[in-house]
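The values are calculated or read from the model by the stated rules, or taken from the named source; none is laboratory data. All values derive from a computational prediction rather than experimental measurement. As a convention, Cβ positions derive from the backbone with ideal geometry for all residues, glycine included, and neighbour counts pool all protein chains shown.
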Amino acid sequence: MSGFAFSPQFSQRWLATSDSIKTAIINELDDIHTLLQRDTDIDTFQFRVNNLHDEVETIIVKERQAEAERIAKEQALQRLEQERLERERQAKLEQERREQEALQKQIEARLEAERLEKELLAKQARIDNVKQDIIDSLSKKLDDYFDEKMDALRQEMQAWLTAEVDKQLQEKLQEQN
């Protein structure tokens with residue numbers, strides 16, 4: 001009996017072969033083994049597959065179609081995932097833009113409020129200055145008025161005092177005479 005060894009290429013190819021092709025080949029080998037048995041009737045024997053080559057070709061075509069469909073589905077899923085991610089990215093960008101706009105509006109409102117507050121403070125300072133000017137002016141006028149009235153009152157009092165002194169002096173002199 002001679003020895004038989006499979007080449008490494010055969011082992012690699014066999015391991016890389018799909019299960020359905022392996023099954024077809026094994027079935028063919030089983031059919032050949034059955035055919036070689038002494039008790040097998042050659043006239044009535046039928047192989048499970050009429051033409052192994054055509055069967056393998058059909059399996060290869062189906063597997064390639066299935067692989068192409070799998071790849072197409074995978075690519076479609078990847079496209080869908082990319083589209084979903086792009087929509088999410090766009091939604092995030094839109095949300096960030098809205099948040100940025102809202103923040104910008106808040107900053108603008110705060111700056112406007114600060115500007116109005118400064119403007120109000122400046123107006124209040126001008127009003128306070130005008131008020132102080134009016135107070136100072138009226139105080140000066142009141143001081144001048146009171147000074148005039150006090151001078152007039154002092155002069156009147158001086159005149160009254162002089163008149164009273166003269167009158168009492170006259171009365172005293174008349175009493176002494």
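A few remarks follow.
- Filter result for Ile71 (within 23 Å of Asn27 (Cα to Cα) and hydrophobic (A, V, I, L, M, F, W, C)): no
- Residue match in segment 160-171 (condition: exposed (fewer than 10 other Cβ atoms within 10 Å of the Cβ) and modelled with pLDDT under 95): no
- Among the residues of segment 1-44, those that are part of a helix (DSSP H, G or I) and among the small types (Gly, Ala, Ser) comprise Ser11, Ala16, Ser20, Ala24.
For (1) modelled with pLDDT of 95 or more; (2) among the charged types (D, E, K, R), each residue gets a yes or a no:
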site	(1), (2)
Arg38	no, yes
Thr44	no, no
Phe47	no, no
Glu67	no, yes
Ala72	yes, no
Gln75	yes, no
Glu83	yes, yes
Arg89	yes, yes
Lys92	yes, yes
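- Residues in segment 18-36 that are more than 60 Å from the chain's Cα centre (by Cα) and among the polar types (S, T, N, Q) were compared, and the one that is nearest to Lys62 (Cα to Cα) is Asn27.
- Filter result for the condition that a residue is exposed (fewer than 10 other Cβ atoms within 10 Å of the Cβ) and not hydroxyl-bearing (Ser, Thr, Tyr), over Asp41, Asp30: Asp41
- Residue among Lys172, Lys131, Lys105, Lys123 that alone is part of a helix (DSSP H, G or I) and more than 60 Å from the chain's Cα centre (by Cα): Lys172
- In segment 45-101, the residues that are part of a loop (DSSP other than H, G, I, E, B) and farther than 16 Å from Ser18 by Cβ: Phe45, Gln46, Phe47, Arg48, Asn50, Asn51
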